[in-house]
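Here is the structure we will look at.
The values are calculated or read from the model by the stated rules, or taken from the named source; none is laboratory data. All figures in this text were calculated on a predicted structure; none of them were measured in a lab. For neighbour counting, all protein chains shown are included, and Cβ atoms are generated from backbone atoms with ideal geometry for every residue, glycine included. Calculation scope for accessible area: heavy atoms of the full protein, side chains included, ligands and nucleic acids excluded. Shrake-Rupley method; radii C 1.70, N 1.55, O 1.52, S 1.80 Å.
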Amino acid sequence: MPMFELQPMAAEFYRSQTRRSTLVVCVILAASCFLMANLSIFLFGEPGGDNNFRWNLAGVIAGLLLTIALVRRVLWEQPWMAAAVYGLRLKRQLMKITNMLHQVEAAVAEEDPTAMKVLRFYHLGLIQMHTLEGNQTAISDLVKGVDRHLERMTAMGLAPEQNRLEQVWLDQISQRWRHLRRR
């Protein structure tokens, strides 16, 4: 099973769903922080409210932690959160590649097929993320490098559709890099 697979998604749908889920989470956050701060002051605060800052702050922090737990345990699986969850997962996978991009590019320069697939996935993922977020300028900045890499893949006989990313591919590139550095 792939570690991550790109899913087709309409940009307007993505943006409307993420706006909705963001609004819901913000309302839950505000309500839980307000309620927990008031509860904390009610239970532990001083009458008159002269020195209740720490209880207010503790309640806000408790509200934040409660909201995080609620999002991760309950809301994360809700259908109306699917677009936001997908976007976060896509960004996480792209960040994994970004963190080792110098290794990937070095392996691509040596025409390593695994690195070629990882870089293609990276390009397709970036294009999708920028499309979903409506960032056409970033896409136009990528085009030349994406096209050049696609030509190299085609010349090597590699499939250009790399819509999935496997953890084993990233592990192979990292191991290769460590092995080369030991020399």
Checklist (1) exposed (fewer than 15 other Cβ atoms within 10 Å of the Cβ); (2) of a type outside the set (F, W, Y); (3) part of a helix (DSSP H, G or I) applied to R15, failing item: (1)
Any chance V60 is modelled with pLDDT of 95 or more and buried (at least 18 other Cβ atoms within 10 Å of the Cβ): no
Residue in segment 31-52 that is in a helix (DSSP H, G or I), more than 30 Å from the chain's Cα centre (by Cα) and among the charged types (D, E, K, R) present: no
Some residue of segment 65-84 being among the basic types (K, R), open to solvent by 30 Å² or more (accessible area, probe 1.4 Å) and under 30 Å from G145 (Cβ atoms): no
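Any idea which residue in segment 108-121 is surrounded by the most Cβ atoms within 10 Å (Cβ to Cβ), counting only those that are part of a helix (DSSP H, G or I) and either without any contact (Cβ under 8 Å) to a residue 40 or more places away in the chain or hydroxyl-bearing (S, T, Y) (or both)? Don't jump to the end; show me each part of the working.
Of the residues in segment 108-121, the ones part of a helix (DSSP H, G or I) are 108-109, 113-121.
Next, from what is left, pick out any that are either without any contact (Cβ under 8 Å) to a residue 40 or more places away in the chain or hydroxyl-bearing (S, T, Y) (or both): 109, 114, 119.
Numbers: A109: 9, T114: 18, L119: 23.
Across segment 108-121, the extreme among qualifying residues is L119.
Kindly check whether there is at least one residue in segment 50-73 that is touching a residue at least 60 places away in the same chain (Cβ under 8 Å) and among the hydrophobic types (A, V, I, L, M, F, W, C).
Just the residues of segment 50-73 that are touching a residue at least 60 places away in the same chain (Cβ under 8 Å), to begin with: none.
Checked segment 50-73: no residue is touching a residue at least 60 places away in the same chain (Cβ under 8 Å) and among the hydrophobic types (A, V, I, L, M, F, W, C).
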Hits in segment 17-39 - residues which are closer than 21 Å to V71 by Cβ, without any contact (Cβ under 8 Å) to a residue 60 or more places away in the chain and of a type outside the set (A, V, I, L, M): R19, C26, S32, C33, F34
Selection status of G145, closer than 29 Å to A11 by Cα, open to solvent by 30 Å² or more (accessible area, probe 1.4 Å) and of a type in the set (G, A, S): no
Residue in segment 90-107 that is over 19 Å from I173 (Cα atoms) and either out of contact with any Lys or Arg (no Cβ under 7 Å at 6 or more places or on another chain) or open to solvent by less than 60 Å² (accessible area, probe 1.4 Å) (or both) present: yes
